[in-house]
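Have a look at the structure below before the remarks.
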Amino acid sequence: METDYRPWGFYLVLADEPDHKVKRISVNPGKRLSLQRHRRRSEHWYLIRGEAVATIGDREIPLRPGETVDIPCGANHRFRNTGNGEATFIEIQTGEYFGEEDIERLADDYGRA
C-alpha cells in the first residue's frame, strides 16, 4: 500500500480500481487540507477518529466519529481537524478519474494553490 506524507498529515491508498479509489486520511491537530474541487470525481467521507469540520460550498459541517458527508463533483470542499488529536477519515472516490491532477486548489495553507 502507498503512504503519502503531506504537511497536514498523511494518507494511505487502500484501493485503486478503475471505478473507485479509497484512501485512509489522517490529519494532524489544528491542520486542514487545501480548499479544492474536482472536475472528474465525487467523494464520500466517513470520520473514524477525532473531531473535524467539513466545508462543502458555503456550509461548515461538524463531524464526529461515525458521521459522513458527500462531496458532489465540482463542489468546493475542505477538511479541518478541530480536535486535540489526530483526525482520521475514509475517503471513497467515485467517477471517471482519480489522479492527483484532478485536484484544483483554490486556497492552501502550504503554498500549493
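Nothing in this text is a laboratory measurement; each read-out follows from the coordinates by a stated rule. What you are looking at is a predicted structure, and each value in this text was computed from that prediction instead of being measured. Glycine gets a Cβ as well: all are built from the backbone with ideal geometry, and neighbour counts include every protein chain shown.
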task = Using +1 at the Cβ of each Lys and Arg and -1 at the Cβ of each Asp and Glu in the chain, identify which of PRO18, ILE71, GLY83 lies farthest towards the dipole's positive end.
result = GLY83
Proxy reagent accessibility, fewest Cβ within 10 Å first, across LYS21, LYS31 = LYS31, LYS21
query = Would you list ILE25, ILE103 from fewest to most Cβ contacts within 10 Å?
reply = ILE103, ILE25
key: Gain in span if fully extended, THR68 to GLU100, counting 0.36 nm per residue against the direct Cα distance   = 9.3 nm
query = What is the spin-label model distance, in nm, from ARG40 to ARG59 if the labels are put 7 Å beyond Cα along the C-beta direction?
reply = 2.7
remark   = Which of GLU96, GLU17, GLU60 fluctuates most in a GNM of the chain (C-alpha springs under 10 Å)? That residue is GLU17
message = Give me the dipole magnitude in Debye, nearest 20, for the chain about the Cα centre, with unit charges on the beta carbon: positive for Lys and Arg, negative for Asp and Glu.
response = 340
query = Where does the stretch 3-106 land on Rg(C-alpha)/(2.2 N^0.38 Å)?
reply = 0.98
inquiry  = With a cut-off of 8 Å between alpha carbons and a minimum separation of six or more residues, what is the relative contact order of the chain in percent?
reply    = 33
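Give the percent of DSSP beta bridges with both residues in the chain that are antiparallel, rounded to the nearest 5.
Approximately 100 percent, going by the DSSP bridge assignments.
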ask   = Across the stretch 23-35, in residue order, what do the Karplus-derived ³J(HN,Hα) couplings come to in whole Hz, using 6.51 cos²θ - 1.76 cosθ + 1.60 with θ = phi - 60° and x for Gly and Pro?
value = 10, 9, 10, 10, 10, 5, x, x, 9, 8, 7, 5, 6
message = Cut-off 14 Å, label point 7 angstrom out along Cα-to-Cβ of ARG49: give me the residues of the stretch 67-107 whose amide nitrogen falls inside.
response = 83-90
